[in-house]
Each structure stands twice: as C-alpha cells, then as structure tokens.
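Undergrad: Have a look at this one before I ask anything.
The values are calculated or read from the model by the stated rules, or taken from the named source; none is laboratory data. Remember, it's a predicted structure, so these values are computed and weren't measured experimentally. As a convention, Cβ positions derive from the backbone with ideal geometry for all residues, glycine included, and neighbour counts pool all protein chains shown. Surface accessibility is based on the protein's heavy atoms, side chains included, excluding ligands, DNA and RNA. Shrake-Rupley method; radii C 1.70, N 1.55, O 1.52, S 1.80 Å.
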Amino acid sequence: MATKADCRIVSPHQARVYKLKYGEARILMDGERSGGAWWMGRFREDAGFMTPLHLHPRMDEQLFVLDGVLSLYLDGGWNDLEAGTLAIVPRGTPHAQGNHGKEPVVLLGAGNPAGFEGFFAAQDRILSRIAPGDPQIAVELASALSRHETQVLGPPPR
C-alpha cells in the first residue's frame, strides 16, 4: 500500500532537459527521486532519430506513444506504433527504435530499475562538446551506453 511519503507530483519545470542527437529528453523521474526503483521521461524524437540494436540486461522498458508514429524493432521485425500504443520491452530483449517518418514522435519512456536515465545526461554532454558529424560521437555514445547497462548488438536493422 502506498503511503503519503510515496506520493509525488513532478511539474514540467522540474524535469531535467537533455539534448538528443535528433530530439529532446525531459526526465521527470530518476533514480534519485525514486530511490532507484524506476525512471520516466517525455521524449521528442525528430525525423531521422534511430537507436542501435541493443538490449538492457537488467532493466524492463516501457514506451507509450503520445503523438506521431514510433518505429520499434522487436521480435525480428519493425512495428509502427501509433499514438496511444504501449510497448513493453522486458529486460534482455534485443530492440531498436526510431522515427522513420517526417513528423516528430512524442512518447513517454520509462524503465525499472532506475539507472539508464543517466545516459541522457551523458549524451547531452557528448553532443555539447563534439561537432555534429564527427565520427567520435558514435564511439563516445557507445561507451556511454555500456556505462549505463546497455549492450549494443549492432546497427539498427534494415
């Protein structure tokens, strides 16, 4: 049973905002605020956004599409998730996600336990100091993913 101490209200101005290569992450709940239990953010993924094929060995991930069409590679194929669609990606499941369309995708992303959300701060720092198009970005992003319990399996599937 939840107690009054467990209840939280997090307003939009309390979000931690990070730049993505193609979009933005607004982390509303992180490990610090949840006692390590979970994290959640609101994401805007612009046209061209794409993750590598990867898995999270110890984190379950949830994606809820608010606007646009999110492409999710799961179970050996690409799935187009329209607004209102929820995807559950259990720990250890290979997946990739991206925006194959022309309009931005807006979604809520969450994971449990917390920890992976630190990748968005790391990505923001990398993108702030390395020029766009520099191949070093990919190297440093892969390193940051591995530090945040994510195993990169390869490029996004075609």
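Undergrad: On the basis of being polar (S, T, N, Q), open to solvent by less than 40 Å² (accessible area, probe 1.4 Å), without any contact (Cβ under 8 Å) to a residue 12 or more places away in the chain and under 22 Å from residue 114 (Cβ atoms), does residue 11 make the cut?
TA: Spelling it out, residue 11 is indeed polar (S, T, N, Q), open to solvent by less than 40 Å² (accessible area, probe 1.4 Å), without any contact (Cβ under 8 Å) to a residue 12 or more places away in the chain and under 22 Å from residue 114 (Cβ atoms).
Undergrad: Check residue 145 against each of (1) among the aliphatic types (A, V, I, L, M); (2) touching a His at 6+ places or on another chain (Cβ under 6 Å); (3) buried (at least 18 other Cβ atoms within 10 Å of the Cβ) and name the one condition it does not meet.
TA: Just one mismatch for residue 145, condition (2).
Undergrad: Tell me which strands (runs of 3 or more DSSP E) are completely within region 15-60 and hold 2 or more residues being open to solvent by 40 Å² or more (accessible area, probe 1.4 Å) and of a type in the set (A, V, I, L, M), or say none if there are none.
TA: none
Undergrad: Does region 65-77 hold any residues that are surrounded by fewer than 18 Cβ atoms within 10 Å (Cβ to Cβ) and under 18 Å from residue 23 (Cβ atoms), and which are they?
TA: 66, 67, 69
Undergrad: What is the residue count in region 101-124 for residues that are open to solvent by 30 Å² or more (accessible area, probe 1.4 Å) and within 16 Å of the chain's Cα centre (by Cα)?
TA: Residues meeting the conditions: 6.
Undergrad: Condition first: in contact (Cβ under 8 Å) with a residue 60 or more places away in the chain, open to solvent by 40 Å² or more (accessible area, probe 1.4 Å) and under 12 Å from the mean Cα position of the chain (by Cα). Can you find one or more residues in region 78-86 that meet it?
TA: Among the residues of region 78-86, not one is in contact (Cβ under 8 Å) with a residue 60 or more places away in the chain, open to solvent by 40 Å² or more (accessible area, probe 1.4 Å) and under 12 Å from the mean Cα position of the chain (by Cα), which makes the answer no.
Undergrad: Can you pull out every residue in region 2-44 that is more than 19 Å from residue 128 (Cβ to Cβ) and either under 15 Å from the mean Cα position of the chain (by Cα) or basic (Lys, Arg) (or both)?
TA: 4, 8, 28, 29, 30, 31, 33, 38, 39, 40, 42
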